[in-house]
Each structure stands twice: as C-alpha cells, then as structure tokens.
Amino acid sequence: MTTSDLPASSLQRFPDTVGRDHASALNDPDRLSALASTGLMDSLPEDVFDRASRLASRLLGVPISLLSLVDARRQFFKSATGLDQSLTQTSLSHSFCQYVISQDSALAVDDAREHPLLHSNGAVGDLNVIAYLGVPVHAPDGSVLGSFCAIDTRPHHWTDQQLTDLRDLAAIVETEIALRHSLDERQLLIDELNHRVKNLFSVVTGIVRMSQSQGESPTDLHQRLLSLSRAHDLIAPAIHADRPAEQSTELATLLHTLLMPHASGPERISLAGPEQALGPKASTALTLALHELTTNAAKYGALSYRAPQGLLQVSWHADGDDLIVDWIERNLPDLSADADTSVPRAHGFGSKLLAMTVSAQLAGRIETTRDATSLRHRLTLPLDTLAR
C-alpha cells in the first residue's frame with residue numbers, strides 16, 4: 001500500500017515503547033534492497049524533492065520539513081528545508097522517522113519532551129525537534145523507504161488537515177520515485193533488446209550451421225527460424241510496454257518455444273511438470289529470465305557445440321505457495337578448464353536482467369550451483385505472482 005492509497009484517518013500518536021518488530025522491520029532485506037535500488041541514499045540534492053519539502057513547510061506552517069530515507073543504521077536527508085545544509089544525515093539515535101518506517105504508519109507528537117519514548121531521543125536535545133508529524137514514503141513494491149515529515153521547534157497541535165496535506169505531498173514524492181523506477185526498467189529492457197540484436201546474427205548462423213551438419217532440409221531450417229521468431233514474439237510485450245500481453249501462457253509452451261530453436265534433437269531436452277498458467281505480466285518477466293538462460297545454454301552450455309552429448313532437463317512443481325523450477329544442464333565440457341561458462345558473471349548484464357525479472361518483477365529468487373560437468377539453476381517463484 002502506498003501513501004496515496006491510505007484513508008485520511010485521524011492522527012495516530014507515537015507508541016510509548018519500542019515495538020518488538022521494530023529492529024526486524026528496519027533490517028528487513030527486501031526493504032533495504034528496495035531502498036538501495038532507488039539510488040537515493042547519499043545522493044545530491046534535487047529540485048523535485050526540495051520543492052516538496054518547501055511546500056510542506058509553508059502549508060503546515062513549520063520551520064522544518066524533511067524527506068528522510070532510513071536504512072538499518074542511519075537516516076539520510078534527501079531533502080531538507082530549515083536545517084543546516086551541512087547536516088545531511090544522523091544516526092538512528094537522533095531519528096523519529098525510524099518509527100514511521102517500522103510501523104508503516106503516519107505518526108505525530110505534539111511535544112516530544114513529554115513523550116516517554118521520544119524525550120531521550122538525541123533529536124530533541126541536539127536538533128531541537130519538539131513537535132513532529134511524519135508519513136511513510138513507499139517504493140513501487142510497497143516497501144517503506146523513509147518518512148516525509150514536518151517538524152516544529154516548539155509544541156505544535158497537529159490537525160487532520162495537516163496530515164492530509166503531508167500525505168498528498170508524500171504521494172507526489174512516491175510518484176517521482178515510481179517514475180524513476182519505471183524509466184530504469186524501461187532502459188534495462190532497451191538494453192535487453194540491444195543485447196539480443198547484437199547476438200541475433202550469431203544465433204541464426206549457429207542454427208544454420210547446426211542444421212547443415214545434421215543434413216536437415218530447407219523446410220526444417222525454416223521451421224527452426226520460425227520457432228526463433230515465435231520466441232521473440234513472447235518477449236515483445238516487455239519491450240513494447242504500451243502493448244501488454246492479454247492472454248495467459250502455459251509454462252511448458254513458453255519453454256518449448258524458447259528452447260526448440262537451439263536443440264539439435266528433441267532427445268537433448270527434457271521438459272516435465274504439471275500444467276502451470278502464467279499471467280500476462282508474469283509470462284513477460286519469466287520469458288526474459290528463461291531467454292537469458294536459454295541463450296547461455298546455447299552459447300556455452302548443454303545446447304552448444306561444445307557439448308555434443310549435452311542434456312538439458314527442466315522440471316517444475318508446486319511447493320506450498322511457490323513454484324520450483326529446476327534447470328539442469330548435464331554432460332557439459334569440463335567447466336573448471338574454461339572460465340567462459342554458462343554461469344552469468346556476477347556483475348554482467350545477464351545477472352542484472354535475472355535480478356530484475358526473478359527478484360524485482362516476480363518476487364522470487366534464483367540459486368545456481370555447478371560442478372565440473374553440470375550446471376543447475378533453481379528458480380523459486382511465488383504462485384500468486386505468476387498468476388498476474
């Protein structure tokens with residue numbers, strides 16, 4: 001839930017004690033990952049955020065307004081009105097915003113000096129934070145990134161209207177963050193398109209060479225190239241975001257379409273698993289991930305010329321609320337003798353693409369293991385995400 005989805009309810013006051021889940025909420029890996037992905041921590045001031053802070057100060061009639069981003073140990077002021085410009089961050093010992101993050105709720109205090117939890121906070125004595133009103137700022141996935149807050153240096157009775165105004169401004173901040181996230185994803189998709197175009201001629205050449213070596217007819221070669229084209233069509237909705245896919249896709253169909261153009265024979269590929277429908281959004285994201293794995297297998301792994309006896313086994317099954325997909329390549333050349341393998345480089349394009357699709361878009365994870373002659377990728381994907 002984002003700030004714009006919240007009802008304009010009455011003010012909620014700070015709790016009297018630290019909640020049991022406070023530390024775990026601040027240290028939540030998904031939250032910290034979402035915060036890091038924004039690139040806002042320790043970044044330079046920007047007018048779009050500074051304008052929101054200035055408006056909050058004027059609308060609420062307070063001397064200080066902040067956009068405070070909070071990680072596991074400190075708060076960073078992405079935007080600050082009314083503070084010394086040299087003060088860009090503090091430790092959590094001087095933070096009221098941390099409680100807004102851990103509770104994912106708007107919080108208010110009229111006089112922190114009289115509050116049992118806040119009176120000993122360093123912000124009171126060192127920064128003269130007396131009255132505080134803060135609302136959570138969310139990432140596009142709903143993770144709490146920080147707090148957009150108004151501060152007074154004297155007691156201040158906050159009103160519901162002031163809460164509504166602050167929430168509206170926080171929603172503008174969230175929209176800006178979401179827009180940047182969308183642009184980053186679009187750029188990554190453009191990079192994916194460029195990446196695939198550069199590989200297109202080598203892939204087609206490899207298919208032609210493989211077809212000739214197997215003595216296939218021109219008709220068989222034509223069918224292979226048509227399969228490659230259909231695999232491209234599966235990924236097109238991701239590249240052309242204004243034309244989203246409207247129908248679900250079966251996982252087996254998706255895998256068959258992506259893999260068959262690269263197989264010298266059907267005996268080299270094994271697909272096994274129950275019927276599993278993929279929603280339009282999930283099928284697009286999963287196509288990106290599986291296309292990357294397929295390309296790597298065709299270049300370096302079980303479907304490459306380096307592994308004439310190579311076998312690819314892909315199986316999937318439900319495990320509780322998740323779908324487990326096992327991608328196993330066998331009879332590979334000795335990987336220990338060649339650094340150029342089908343395992344994506346840790347910081348290469350492929351790893352970024354897999355992180356975006358499996359982790360960011362599908363809320364799943366991918367684990368990779370290998371030995372001298374085999375490679376295994378295990379994808380764990382939430383079933384509810386796959387239905388979207």
Single residue of Asp168, Asp141 found to be in a loop (DSSP other than H, G, I, E, B) and open to solvent by 10 Å² or more (accessible area, probe 1.4 Å): Asp141
Among the candidates Glu246, Glu275, residue that is open to solvent by 50 Å² or more (accessible area, probe 1.4 Å), at pLDDT 80 or above and assigned to a loop (DSSP other than H, G, I, E, B): Glu275
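What helices (runs of 4 or more DSSP H), lying completely within region 1-104, carry at least 2 residues that are open to solvent by less than 60 Å² (accessible area, probe 1.4 Å), under 17 Å from Ala150 (Cβ atoms) and not β-branched (Val, Ile, Thr)?
The helices (runs of 4 or more DSSP H) meeting that bar are 47-60, 97-103.
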Verdict on Ala285 being part of a loop (DSSP other than H, G, I, E, B) and either modelled with pLDDT of 95 or more or open to solvent by less than 10 Å² (accessible area, probe 1.4 Å) (or both): no
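Test Thr253 against the stated conditions and say whether it is of a type outside the set (A, V, I, L, M), touching a helix residue (DSSP H, G or I) at 6+ places or on another chain (Cβ under 6 Å) and open to solvent by 10 Å² or more (accessible area, probe 1.4 Å).
Here the answer is no, as Thr253 does not meet what is asked.
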Residue selected from region 347-376 under the condition small (Gly, Ala, Ser) and more than 18 Å from Leu303 (Cβ to Cβ), by the criterion modelled with the highest pLDDT: Gly364
Members of region 293-322 found to be open to solvent by less than 10 Å² (accessible area, probe 1.4 Å) and assigned to a helix (DSSP H, G or I), listed by number: Leu293, Thr294, Ala297
Test: residue in region 110-119 that is farther than 17 Å from Pro15 by Cα, outside any loop (DSSP other than H, G, I, E, B) and free of Cβ contacts under 8 Å to residues at least 60 places away in the same chain: no
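Report the residue count in region 74-102 for those that are among the polar types (S, T, N, Q) and within 16 Å of Leu166 (Cβ to Cβ). Reasoning before the result, please.
Quick first cut of region 74-102, residues among the polar types (S, T, N, Q) only: 75, 79, 81, 85-86, 88-91, 93, 95, 98, 102.
Then drop every residue that is not within 16 Å of Leu166 (Cβ to Cβ), which leaves 79, 81.
Residues that pass the stated criteria total 2.
The values are calculated or read from the model by the stated rules, or taken from the named source; none is laboratory data. Predicted model, so just to flag it, every value in this text is computed and none were measured. Glycine gets a Cβ as well: all are built from the backbone with ideal geometry, and neighbour counts include every protein chain shown. Side chains are part of the model used for accessible areas, which takes the heavy atoms of the whole protein and leaves out ligands, DNA and RNA. Shrake-Rupley method; radii C 1.70, N 1.55, O 1.52, S 1.80 Å.
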